[in-house]
1. Among the listed residues Gly112, Gly119, which satisfies the condition of being in contact (Cβ under 8 Å) with a residue 24 or more places away in the chain, of a type in the set (Gly, Ala, Ser) and closer than 17 Å to Thr71 by Cα?
2. Looking at (1) of a type in the set (S, T, N, Q); (2) part of a loop (DSSP other than H, G, I, E, B); (3) at pLDDT 90 or above, can you tell me which one Gln78 breaks?
3. Check off (1) closer than 22 Å to Val145 by Cβ; (2) at pLDDT below 95 for Lys69 and give me the number that stays unchecked.
4. Which of the residues spanning the stretch 121-148 are out of contact with any strand residue (DSSP E or B) (no Cβ under 7 Å at 6 or more places or on another chain) and modelled with pLDDT of 95 or more?
5. Taking into account only those residues within the stretch 156-190 that are within 21 Å of Pro49 (Cβ to Cβ), open to solvent by less than 60 Å² (accessible area, probe 1.4 Å) and of a type in the set (Ser, Thr, Tyr), which is modelled with the highest pLDDT?
Amino acid sequence: MTGNLTGEAHRPGRIEVVCGSMFSGKTEELIRRMRRAEFARQKVEIFKPAMDTRYSEENVVSHDRHSIKSTPVTSASQILKLSADIDVVGIDEAQFFDNGIVSVCNKLANRGVRVIVAGLDMDYKGVPFGPIPALCAIADEVAKVHAICVKCGALAYVSHRIVDSDRRVLLGETGEYEPLCRDCYQKAIKENCQGVKE
């Protein structure tokens, strides 16, 4: 926070987006930034979709089991209502929120709140996921993080689904998804297509 000439506190609002494939460290980076804000004695609140109960119903938990207390919500509009007097708002798994999340983040930033958003930028088919592209467009900062391709060790491009399901939203871990680079993903798609024909 910086003081202006009248002595009032001024908080420069901003939107930070951390995006990438599964297993790339998005949630871990969100937790790291939120912990630093807590250490700086800022008022923080982190939200996640109520549907995400993989590791915990209430905490935001990374794949390597780092966690931080959060508030599960069922819609983006709830975040606005629950963020009064908060300096830093964190939002995990933002791809699962409705498109109203874009307006919510803008409103928070415009009133001086630092908003840190983490989410998948693409679904398992390599298609831009939910509101993440729009959030990247309005963000002050976008950090694209990468997992490592499990086939060749290059930087991963997409979360390849390895179970038989065509549902767009399928909460999962290493048993359901694997990070692949673009080349290995294309090979996997071709192999799947050939397997279907045979």
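1. Working: Gly112 fails: closer than 17 Å to Thr71 by Cα.
Exactly one residue qualifies, and that residue is Gly119.
2. Going through the list (1) of a type in the set (S, T, N, Q); (2) part of a loop (DSSP other than H, G, I, E, B); (3) at pLDDT 90 or above, Gln78 breaks only (2).
3. Result: Lys69 passes all but (1).
4. Once the filter is applied, which keeps residues that are out of contact with any strand residue (DSSP E or B) (no Cβ under 7 Å at 6 or more places or on another chain) and modelled with pLDDT of 95 or more, the stretch 121-148 yields Pro131, Pro133, Ala134, Ala137.
5. So the residue we want is Ser159.
Conditions (1) within 30 Å of Asn192 (Cβ to Cβ); (2) in contact (Cβ under 8 Å) with a residue 60 or more places away in the chain; (3) open to solvent by less than 20 Å² (accessible area, probe 1.4 Å), marked per residue:
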{"site": "Thr74", "(1), (2), (3)": "no, no, no"}
{"site": "Ala84", "(1), (2), (3)": "no, no, no"}
{"site": "Asn99", "(1), (2), (3)": "no, no, no"}
{"site": "Asn106", "(1), (2), (3)": "no, yes, no"}
{"site": "Gly130", "(1), (2), (3)": "yes, no, no"}
{"site": "Cys136", "(1), (2), (3)": "yes, yes, no"}
{"site": "Ala154", "(1), (2), (3)": "yes, no, no"}
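The values are calculated or read from the model by the stated rules, or taken from the named source; none is laboratory data. Given the structure is predicted, the values throughout are model-derived calculations rather than measurements. So basically every Cβ, Gly included, is an ideal-geometry build from the backbone, and we count neighbours across all protein chains shown. SASA here: full protein model, heavy atoms, side chains in, ligands and nucleic acids out. Shrake-Rupley method; radii C 1.70, N 1.55, O 1.52, S 1.80 Å.
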